Amino acid sequence: MLLRIFSETYRFSRNIAFRYYSGNPIKTVKVQVRQGVVVGREERLPNGAPYHVFRGVPYAVPPLGKLRFQPPQPLERFETPELDCTRFREPPVQRDRATNKFIGSEDCLYINIYVPVKSSLQPLPVIAWVPGGAFTFGHGHRFLPLSLMMEDVIVIFINYRVGVLGFGCLPEAGIWGNDGVKDQRQALRWVQENIAYFNGDPDKVALGGESSGAACVSLHTFSSHANKLFHKAIMQSGLVTNDWAFQRTPQEKMYRLCEMLGCPSKDPKKILEFLQTSEKAAADVILSKTNSLILLDDRRRSTPFPVSHVVEDPNSPDPIISAPVLDLMRKENTLNVPTIIGHNSGEGIMVVGHWFKKLDEVDQDLERFIPRNIPLPTDHPQMKVLTEKIRKFYFGGGKVTYEKIQDLLNLLTDYTTATDIKLAMEMIATFQPQATVYAFYYNYNGARDFFKPFKKCEHLEGACHTDELYYIFQSFPDDLSTFNEHDLQMTKRMGAMWANFARHSDPTPMDSDITKEIGFRWTPVGKPAVGSDLGQDYLIIDRHMRMQDEPEKERGDFWREIYRSYPPLDYSVIN
């Protein structure tokens, strides 16, 4: 269900993007990079300034045949001396949940580069963006970074392997896992090699993402290449501490997949050969089986993603991560890049519509919303005690009815996203005192919002999952001219703060235009605002921007008390 909801947006955006760039006369531009010459095209920003865009620039060898289920291999030379990069390449192979059709290609390791043209020779900061999509779909063709380019920032969208092809893991067969994240790392290596040819600054690369893309970025921040391949991080509505960010039984899932595909052998080497070469393991066949990998407990008690990250086997060559991330978070100085971390006020709007006609089922099984990191077996008597605590706090002790949909939305927001992010930031403040973390709470509703009107949820309070993306980036074929006054103001403010962060590691530098406009500075977590005795830690992003102590603190305190009463496996900081 959730995967289908996500994919409807991507299908809509992808179709517009491909139509928008068909048949237009173009002015080409060429840039010499280490692998050859890329041929892009010149476009115009809403203010009339030119920018150059290079679509479908390969950053690795296509992961086909023997390279399937393997880490990406560097690309030494382009296939032609001059490579046509004026049009999008196919997105990563995925199944469109809205039409159930196979789209994309396994030959998908490409980036799209957007470069504002400046007369100054001063190198420009870079934002490299990891698209989200539940680890199973999504691509870098969805948005235009017009407002960021108007802030003199180069923007790069990274396509990477998704689904089982990007996140399958069977170490005994030499499938180490996290290949999609390793694709992103290889793209960052390409950026370090080549971005100077586009007037980019290789020492000012911000890595950003939203949802599962943000969880990937979060994983990168605890890897050895942090502060080498990138120097700051932006994580919106997702961290590696979210329940859905790691697989619990990856090997079991891969053996199950092989069985469904008809693999004739249990020998690990033959399994790898089968997955790389057999027609029975064609990409569309794998996709048709992917949702069958979701375990029953995942369907009931988690956000049902079939695949996600893994902690890699100790024998994994060049791993992304080989120790539990929460262990790394508890070690000092493991987070050594400035970060922006935040979530939206109504994240649960993404899924609450699914329950409109199933409220009796929700009411009878509130136990499904007990976090899985609380170490109690499902048949433990305290599970019923916890269930009643949830009922009393969110629903006043009564039944879950349509009149209490807003309360259910709040529970879903906390359960899927907000609580894990809040507690992770407390861990960072405790164990990573040197880290500079800017926290935000996005609460703006505007005409650019997608999911609330799409799911007929305008009556619900809060900003939905993904809403902020439509004010950081633009959809095809937006040129900002149709934006109303408030949406345009929000777009300019978000663009200015994210650009400042990429350039200065500070979203609101002293004496910057955005700081003067809003009248204050966005201060890092744990550091009080000037003239205040309180640690006003969150930027509330809304029509009236302001610094505030933890938003929805009563809900946060409820879960802190739960975790103190039932010490979890993960959040030792609050015990």
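The values are calculated or read from the model by the stated rules, or taken from the named source; none is laboratory data. None of these values were measured; they are calculated from a predicted model. Neighbour counts are summed over all protein chains in view; Cβ atoms, including those assigned to glycine, are modelled from backbone coordinates with ideal geometry.
So the values come out like this:
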item: Any hit, region 192-200, residues being in the same structural domain as residue 283 (by TED's automatic domain parsing), aliphatic (A, V, I, L, M) and surrounded by fewer than 20 Cβ atoms within 10 Å (Cβ to Cβ); result: yes
item: Residues located in region 250-289, provided they are closer than 20 Å to residue 67 by Cα and of a type in the set (S, T, N, Q); result: 251, 276, 277, 278
item: Residue within region 433-455 that is β-branched (Val, Ile, Thr) and under 17 Å from residue 238 (Cα atoms) present; result: yes
item: Condition broken by residue 416, with the remaining ones in (1) in a helix (DSSP H, G or I); (2) modelled with pLDDT of 95 or more; (3) more than 24 Å from residue 524 (Cα to Cα) satisfied; result: (2)
item: Helices (runs of 4 or more DSSP H) (entirely within region 429-542) containing at least 2 residues that are closer than 30 Å to residue 203 by Cβ; result: 469-472, 485-504, 513-518
item: Close pairs (7 angstrom Cβ cut-off, 6 or more residues apart or separate chains): free of Cβ contacts under 8 Å to residues at least 40 places away in the same chain in region 309-324, assigned to a loop (DSSP other than H, G, I, E, B) and not polar (S, T, N, Q) anywhere; result: 322/311; 322/312; 322/314; 323/311; 324/311
item: Subset of region 199-223 (residues that are of a type outside the set (A, V, I, L, M, F, W, C), closer than 23 Å to residue 500 by Cα and not in a loop (DSSP other than H, G, I, E, B)); result: 200, 201, 202, 203, 204, 208, 209, 210, 213, 218, 220, 221
item: Criterion (at pLDDT 95 or above, under 20 Å from the mean Cα position of the chain (by Cα) and not assigned by TED's automatic domain parsing to the domain that holds residue 364) met by exactly one of 257, 239, 272; result: 239
item: Count of region 479-504 residues which are of a type in the set (Gly, Ala, Ser) and surrounded by fewer than 19 Cβ atoms within 10 Å (Cβ to Cβ); result: 1
item: Residue match in region 120-139 (condition: aromatic (Phe, Trp, Tyr), more than 29 Å from residue 480 (Cβ to Cβ) and touching a residue at least 24 places away in the same chain (Cβ under 8 Å)); result: yes
item: Selection from region 80-99 of residues that are touching a helix residue (DSSP H, G or I) at 6+ places or on another chain (Cβ under 8 Å) and crowded, with 22+ Cβ neighbours inside 10 Å; result: 91, 92, 93, 94, 95
item: Answer residue from region 117-173, given it is crowded, with 22+ Cβ neighbours inside 10 Å and more than 23 Å from the chain's Cα centre (by Cα) and is farthest from residue 476 (Cα to Cα) among those; result: 173
item: Out of 189, 248, sole residue that is assigned by TED's automatic domain parsing to the domain that holds residue 59, more than 10 Å from the chain's Cα centre (by Cα) and modelled with pLDDT under 95; result: 248
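Here's the yes/no breakdown for (1) modelled with pLDDT under 90; (2) among the aromatic types (Phe, Trp, Tyr); (3) surrounded by 16 or more Cβ atoms within 10 Å (Cβ to Cβ); (4) in contact with a His (Cβ under 6 Å, 6 or more places away or on another chain):
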{"residue": "339", "(1), (2), (3), (4)": "no, no, yes, no"}
{"residue": "346", "(1), (2), (3), (4)": "no, no, yes, no"}
{"residue": "354", "(1), (2), (3), (4)": "yes, no, no, no"}
{"residue": "358", "(1), (2), (3), (4)": "yes, no, no, no"}
{"residue": "364", "(1), (2), (3), (4)": "no, no, no, no"}
{"residue": "370", "(1), (2), (3), (4)": "no, no, yes, no"}
